[in-house]
């Protein structure tokens, strides 16, 4: 006869309520893990979507996801000539926040070369960008439909396709546009600003007496071209030929072209270590605190439940019950409570995780590890009750 | 041979100035099939005597012999498995029945057998037999909370008998019952003592029940002050 099950059956209301409470707590612990893995998945989603071998970025920087990195678009040609490189493609990144339907609407714009790579990895609905201008592919997270328009910079952009859930490191959904559109959105001034700039340059040049009018005109034209050029990108991504030596290609790019060449693996580390480390520590600490709280709650419940059963335990001892009968009853109850609470927490998260504003990633290892921890906590927590039970004297069964 | 034999049993609680004598130089015998009472007021040492015989309280001096085996001689005999003797040879009945609240009447009887390694199927069969014999067949699946005082004590008796013990120790079994139920319980114990050839030792302060016993030991201030054999 299983005394633990019999006790639970008799006190099922109390047991179910306790398990639900504990389950909610464990659900929060599970979601913490999910948020952490979600942060990593989010942070790496652009890298995964881009599928580059090397990220060529401004020298002495950690690349566009960590700090400002600006390089000229045309270095893609030089990169393409480096031995071992199969393809080089420029990319531009920027976060945009506009007003949409009366609410702030924030997203991350990736500009890519339509003849290169780094664009949307998959199209779920609609099509990819075909025209060089004013078309956009958005990720699911932007919740926009095909044909919807959005005003960015100086122009309207039409959604022509939907890609999967790709987000920036900050969790903002991604929108893809052509590289030239992205550069226009980022750098191109309106006509008034251009006119004002030209006037400022003319006025400055007119103050230089030694310049002839032809020289001044030529200089003004050159300055305007430089100032109005939008051919800047944040990175050039490189794909290697099969069998090419990654390290050698990186060394060559650094030595001869004076850029930093970050491998995809290094880029992942920069993102996960640099940007997620603090979040990881915070979430980890929070999980530990919640697990300690769970342990304390289980201990208290088992202890008070043991106190309720002192007379029962004394009677069993008086009847000659072996200690394992009593220890088994307490331990099994503790384990059952933990396992049921874990199940409730798991089901709760399974049912709700897609409704969280940020991605919750349920990793099997994490789930198994937490289950093992919960089992260990139940065993340890039941020691308090077991210790109390073993101290009960059979004589306590006698009298009132 | 006596089922229960106690020779010069003394139990002292504490030491030195704080020492309190629970029972002193007590001797008694209970034969199989005999229903014997230890009668005395509260605090007289009855329960101390019962707990020493029930292998719960280690005596300070004296000898306890159960079913021909010396279990205590000045102290517990080393190597004796007290739990096993309690499990196999002694049935306990308590003042407040002490049924396990989360087990049904049937399960409360079965647990005694299962603790003693009886297979669940056999335990169930034996428990049903006992409860039917005690007119509780309609209460098998009721929890203690749903039973009357008399029914509770009858389930407790069934539990004490389940293992066919050589001796039954009862601590104030009628104290929580009205006279009619108390009388019924005593009659039942007497019947069982004869039928099962068990030695039944009852601790009581209830003078209403004296006529049921074969022998009465009167205890006062930690001493057995009288022994009376009745004609019952």
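Candidates in region B:113-122 are the residues that are touching a helix residue (DSSP H, G or I) at 6+ places or on another chain (Cβ under 9 Å) and either within 8 Å of another protein chain (Cβ to nearest Cβ) or assigned to a helix (DSSP H, G or I) (or both); of these, the one that is farthest from residue A:3 (Cα to Cα) is B:122.
Based on what the data block shows, is residue A:100 out of contact with any helix residue (DSSP H, G or I) (no Cβ under 9 Å at 6 or more places or on another chain) and surrounded by fewer than 22 Cβ atoms within 10 Å (Cβ to Cβ)? Answer is yes for this residue. Counting only helices (runs of 4 or more DSSP H) that sit completely within region A:149-265, those holding 3 or more residues that are out of contact with any strand residue (DSSP E or B) (no Cβ under 7 Å at 6 or more places or on another chain) and touching a residue at least 24 places away in the same chain (Cβ under 8 Å) correspond to A:191-206, A:213-228, A:246-257.
Yes/no matrix, rows are residues, columns are (1) at positive phi; (2) under 26 Å from the mean Cα position of the chain (by Cα):
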{"site": "A:128", "(1), (2)": "no, yes"}
{"site": "A:136", "(1), (2)": "no, yes"}
{"site": "A:140", "(1), (2)": "no, yes"}
{"site": "A:147", "(1), (2)": "yes, no"}
{"site": "A:151", "(1), (2)": "no, no"}
{"site": "A:156", "(1), (2)": "no, no"}
{"site": "A:163", "(1), (2)": "no, yes"}
{"site": "A:166", "(1), (2)": "no, yes"}
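The residues in region A:45-90 that are in a helix (DSSP H, G or I) and over 19 Å from residue A:182 (Cα atoms) can be counted, and the count is 7. Scan region B:216-230 for residues that are without any contact (Cβ under 8 Å) to a residue 40 or more places away in the chain and either crowded, with 16+ Cβ neighbours inside 10 Å or part of a strand (DSSP E or B) (or both) and the total you get is 4.
In region A:116-133, the residues that are under 11 Å from residue A:176 (Cα atoms) form Cβ pairs under 6 Å with partners that are modelled with pLDDT under 90 and buried (at least 16 other Cβ atoms within 10 Å of the Cβ), at six or more places apart or across chains, as follows: A:118/A:50; A:121/A:49. If residue A:270 satisfies all but one of (1) under 27 Å from residue A:29 (Cβ atoms); (2) within 23 Å of the chain's Cα centre (by Cα), what's the number of the condition it fails? Checking residue A:270 against (1) under 27 Å from residue A:29 (Cβ atoms); (2) within 23 Å of the chain's Cα centre (by Cα), the one that fails is (1). The set of residues from region B:53-84 being within 8 Å of another protein chain (Cβ to nearest Cβ) and in contact with a helix residue (DSSP H, G or I) (Cβ under 9 Å, 6 or more places away or on another chain) comprises B:54, B:56, B:57, B:83. Within this structure, residue A:214 fails the test of being more than 28 Å from residue A:68 (Cβ to Cβ) and surrounded by 12 or more Cβ atoms within 10 Å (Cβ to Cβ). Considering each residue of region B:34-52, count those that are more than 14 Å from chain A (Cβ to nearest Cβ) and out of contact with any strand residue (DSSP E or B) (no Cβ under 7 Å at 6 or more places or on another chain), and give that number. Residues in region B:34-52 being more than 14 Å from chain A (Cβ to nearest Cβ) and out of contact with any strand residue (DSSP E or B) (no Cβ under 7 Å at 6 or more places or on another chain): 1 in total. Output the residue which, of all residues in region A:115-125 that are over 21 Å from the mean Cα position of the chain (by Cα) and crowded, with 16+ Cβ neighbours inside 10 Å, is farthest from residue A:239 (Cα to Cα). Looking at residues that are over 21 Å from the mean Cα position of the chain (by Cα) and crowded, with 16+ Cβ neighbours inside 10 Å, I get A:123. The numbered conditions (1) in contact with a helix residue (DSSP H, G or I) (Cβ under 6 Å, 6 or more places away or on another chain); (2) closer than 24 Å to residue B:33 by Cα; (3) surrounded by fewer than 22 Cβ atoms within 10 Å (Cβ to Cβ) are all true for residue B:140 except (2).
Answer yes or no as to whether residue B:27 is part of a strand (DSSP E or B) and surrounded by fewer than 17 Cβ atoms within 10 Å (Cβ to Cβ).
Judged against the criteria, residue B:27 is a match.
Counting the residues of region B:85-112 that are under 12 Å from residue B:162 (Cβ atoms), at pLDDT below 90, more than 7 Å from chain A (Cβ to nearest Cβ) and part of a helix (DSSP H, G or I) gives 1. Within region B:144-175, the set of residues being in a loop (DSSP other than H, G, I, E, B), under 21 Å from residue B:209 (Cα atoms) and more than 10 Å from every other protein chain (Cβ to nearest Cβ) comprises B:148, B:173, B:174. Residue B:135 meets the conditions (1) under 24 Å from residue B:196 (Cβ atoms); (2) part of a helix (DSSP H, G or I) in every case but one. The failed one is (2).
Being within 14 Å of chain B (Cβ to nearest Cβ) and either in contact with a strand residue (DSSP E or B) (Cβ under 7 Å, 6 or more places away or on another chain) or within 30 Å of residue A:40 (Cα to Cα) (or both) is a property that residue A:398 has. Scanning region A:137-145 turns up no residue that is surrounded by fewer than 22 Cβ atoms within 10 Å (Cβ to Cβ), outside any strand (DSSP E or B) and touching a helix residue (DSSP H, G or I) at 6+ places or on another chain (Cβ under 8 Å).
Candidates are the residues of region A:306-322 that are buried (at least 20 other Cβ atoms within 10 Å of the Cβ) and more than 9 Å from chain B (Cβ to nearest Cβ); the one that is farthest from the chain's Cα centre (by Cα) is A:313.
Residues checked against (1) under 26 Å from residue A:9 (Cα atoms); (2) within 34 Å of the chain's Cα centre (by Cα); (3) within 14 Å of another protein chain (Cβ to nearest Cβ):
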site: A:324; (1), (2), (3): yes, no, yes
site: A:334; (1), (2), (3): yes, no, no
site: A:349; (1), (2), (3): no, yes, no
site: A:362; (1), (2), (3): no, yes, no
site: A:370; (1), (2), (3): no, yes, no
site: A:381; (1), (2), (3): yes, no, no
site: A:388; (1), (2), (3): yes, no, no
site: A:393; (1), (2), (3): no, no, yes
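The values are calculated or read from the model by the stated rules, or taken from the named source; none is laboratory data. What you see is a predicted model, and the numbers here were worked out from it, not measured in a lab. When we count neighbours, we look across all protein chains shown, and the Cβ atoms used for this are built from the backbone with ideal geometry, even at glycine.
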